[in-house]
Amino acid sequence: TFTGSGGGGLFDVDTFTLTRSPAAAPTEGEAYTSSAGVQPADHAGASGGRTLGYIDNGDWAGYASVSTQGATGFSARVSSGGAGGTIQVRSGSASGTLLGSVSVPNTGSWDTFTTVSTTLTGSAS
């Protein structure tokens, strides 16, 4: 789930990775299987040329093929020409167990990317 204040979009997610053993490959942000409020956004500097974009407070994206079970960390390649905000990593659903959260800063442009990361705790399903 995504939180933050301000209008005009909070941030975009290019890719994300869950830390686990064995290591997981990055997941494209726009490869969601369910969502509310978000949509793909074209960005030349993004992996594959697209991001998970148009993120506003309360939006969410679900990834049926990504398991949070056994994950100990989360990192995401993000950009923001907007207010920035927070990514909440949840298990099972947008209202499921909160495993961790990470702040996304304003990077100065929708095409300027940085990586944010956090430790995950709690019981994933």
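Side notes on the structure shown:
- Residue check, V89 of a type in the set (A, V, I, L, M, F, W, C) and under 14 Å from D14 (Cβ atoms): no
- Given (1) touching a residue at least 40 places away in the same chain (Cβ under 8 Å); (2) part of a loop (DSSP other than H, G, I, E, B); (3) in contact with a helix residue (DSSP H, G or I) (Cβ under 9 Å, 6 or more places away or on another chain); (4) of a type outside the set (S, T, Y), number of the condition R77 does not satisfy: (2)
- Candidate set from the stretch 13-23 (those that are among the aliphatic types (A, V, I, L, M) and surrounded by 14 or more Cβ atoms within 10 Å (Cβ to Cβ)); member that is farthest from P105 (Cα to Cα): L18
- Residue within the stretch 24-33 that is out of contact with any strand residue (DSSP E or B) (no Cβ under 7 Å at 6 or more places or on another chain), assigned to a loop (DSSP other than H, G, I, E, B), surrounded by fewer than 20 Cβ atoms within 10 Å (Cβ to Cβ) and without any contact (Cβ under 8 Å) to a residue 12 or more places away in the chain present: yes
- Test: G82 is buried (at least 17 other Cβ atoms within 10 Å of the Cβ), of a type outside the set (K, R) and over 25 Å from R20 (Cβ atoms): yes
- Breaking point among (1) in contact (Cβ under 8 Å) with a residue 12 or more places away in the chain; (2) charged (D, E, K, R); (3) farther than 15 Å from F74 by Cβ, for D14: (3)
- Verdict on G37 being without any contact (Cβ under 8 Å) to a residue 60 or more places away in the chain, small (G, A, S) and crowded, with 21+ Cβ neighbours inside 10 Å: no
- Within the stretch 80-87, none of the residues are touching an Asp or Glu at 6+ places or on another chain (Cβ under 6 Å) and more than 18 Å from T119 (Cβ to Cβ).
- For the stretch 24-59, the candidate set comprises residues that are hydrophobic (A, V, I, L, M, F, W, C) and more than 20 Å from W110 (Cβ to Cβ); within that set, the residue that is modelled with the highest pLDDT is A36.
The values are calculated or read from the model by the stated rules, or taken from the named source; none is laboratory data. Just so it is clear, the model here is predicted, and its values are computed rather than measured. When we count neighbours, we look across all protein chains shown, and the Cβ atoms used for this are built from the backbone with ideal geometry, even at glycine.
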